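Right, one structure below, let's go through it.
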Amino acid sequence: MTSTDLSADAAVSTSAASVFIPAPVTPYQGDIARYWDGEARPVNLRLGDVDGLYHHHYGIGAVDRTALGDTDDSAYEKRLIAELHRLESAQAELLLDHLGPVERDDTLVDAGCGRGGSMVMAHQRFGCQVEGVTLSAKQADFANQRAHELGIEDHVHARVCNMLGTPFETGQIAASWNNESSMYVDLHDLFAEHSRILEVGGRYVTITGCWNPRYGQPSKWVSQINAHFECNIHSRREYLRAMADNRLVPQAVIDLTAATLPYWELRATSSLVTGIEEAFINSYKDGSFQYLLIAADRV
């Protein structure tokens, strides 16, 4: 089933499984909900159509030039899309690698779950319960419809919810993450909520773009990215400080900048360009922007 089929099914769904849509707490939250409710970029949908895993993050790893084949081949673009999707799934696999031991009776939380690709991957790997939150009703409906199609709706569920105030009980979550969604919120508020819901010893992981304090201030490229996605990119220093203030102790800080650059350079040659590729490539190359994984334990 493709993204077009899923969107159509979600649009006509009147079942009890339809998501509850709370009113936004702030005007900005309303803006972000409208932004993602209206988002339908081919770069997200066509990549997900490859295997039914719909991501809202970027890729890492070396490009498999052998798999791409000859650029003059009529099937080259299809293979390029599949390769971009492979790199995005590799990024999600790396995040899951850093969640630590997860048991089948554990519950995980994806804060800013998008259309649910990472939630599906987490359940497929660990067999556990995965709860996702997003401000976008369209995304939540899409993710839940996909879980239904896969027959895992009893284990994978998305809801419309502010990630700064989730309905989960204190200390009951084994692991949680933000995958390129933390730039939409205040980090102290975000990490306070993750710290609240995580059990002591639980693991939090984020993969995010952040501006490099050594550059001095956010560069013009970072400003372009902020404007494009209507977000507010934080500095690396802000992440570490806010974690320390909220009982999240980093166990790993991995610079993925060099690992993500091939993805962006390949994407810039595709038919799926959105116009923001130059800003990512240039900011990664001039050192003003970094792509980091941070894994932290709740103490």
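The values are calculated or read from the model by the stated rules, or taken from the named source; none is laboratory data. This one's a predicted model, so the numbers in the text were calculated from it and none came from an experiment. Every residue, glycine as well, gets a Cβ built from its backbone with ideal geometry; the counts of neighbours run over all protein chains shown. Surface areas here come from the heavy atoms of the whole protein model, side chains and all, with no ligands, DNA or RNA. Shrake-Rupley method; radii C 1.70, N 1.55, O 1.52, S 1.80 Å.
Before moving on, here are some points about what is shown:
- Among the residues of region 197-219, just one is crowded, with 18+ Cβ neighbours inside 10 Å and of a type in the set (D, E, K, R), namely 203.
- Any hit, region 81-90, residues being closer than 30 Å to residue 25 by Cα and surrounded by 18 or more Cβ atoms within 10 Å (Cβ to Cβ): no
- Index of the failed condition, residue 103 passing every other in (1) buried (at least 24 other Cβ atoms within 10 Å of the Cβ); (2) touching a residue at least 60 places away in the same chain (Cβ under 8 Å): (1)
- Where a residue in region 187-203 is outside any helix (DSSP H, G or I) and its partner, wherever it lies, is modelled with pLDDT of 95 or more and β-branched (Val, Ile, Thr), with Cβ under 6 Å and at least six apart: 198/173
- Matching residues, region 49-102, being part of a helix (DSSP H, G or I) and more than 18 Å from the chain's Cα centre (by Cα): 65, 66, 67, 68, 76, 77, 78, 79, 80, 81, 82, 83
- Within region 220-255, being within 15 Å of residue 186 (Cβ to Cβ), among the charged types (D, E, K, R) and surrounded by 14 or more Cβ atoms within 10 Å (Cβ to Cβ) holds for 238, 241.
- Failed item in (1) under 20 Å from residue 170 (Cα atoms); (2) touching a Lys or Arg at 6+ places or on another chain (Cβ under 8 Å), with residue 130 passing the rest: (2)
- With respect to (1) on the phi < 0 side of the Ramachandran plot; (2) in contact (Cβ under 8 Å) with a residue 24 or more places away in the chain, the lone exception for residue 268 is condition (2).
- Scanning region 261-299 for residues that are of a type in the set (S, T, N, Q) and either modelled with pLDDT under 95 or over 25 Å from residue 213 (Cβ atoms) (or both) yields 269, 270, 271, 274.
- Residue count for region 14-51, restricted to those that are modelled with pLDDT of 85 or more and closer than 28 Å to residue 167 by Cβ: 14
- Residue check for residue 298: open to solvent by 10 Å² or more (accessible area, probe 1.4 Å), at positive phi and of a type outside the set (Phe, Trp, Tyr): no
- Residue list for region 224-245, filter: outside any strand (DSSP E or B), closer than 30 Å to residue 37 by Cβ and in contact with a helix residue (DSSP H, G or I) (Cβ under 7 Å, 6 or more places away or on another chain): 224, 225, 230, 231, 232, 233, 234, 238, 239, 242
- Taking every residue in region 116-134 that is touching a residue at least 60 places away in the same chain (Cβ under 8 Å) and pairing it with any residue that is of a type in the set (D, E, K, R) and part of a strand (DSSP E or B), at least 6 positions away or on another chain, the pairs with Cβ-Cβ distances below 6 Å are 118/110.
- Looking only at residues of region 256-279 that are among the small types (Gly, Ala, Ser) and part of a loop (DSSP other than H, G, I, E, B), we find that the one that is least open to solvent (accessible area, probe 1.4 Å) is 270.
- Scanning region 158-186 for residues that are surrounded by fewer than 21 Cβ atoms within 10 Å (Cβ to Cβ) and either of a type in the set (Gly, Ala, Ser) or within 17 Å of residue 107 (Cα to Cα) (or both) yields 159, 165, 166, 167, 168, 169, 170, 171, 172.
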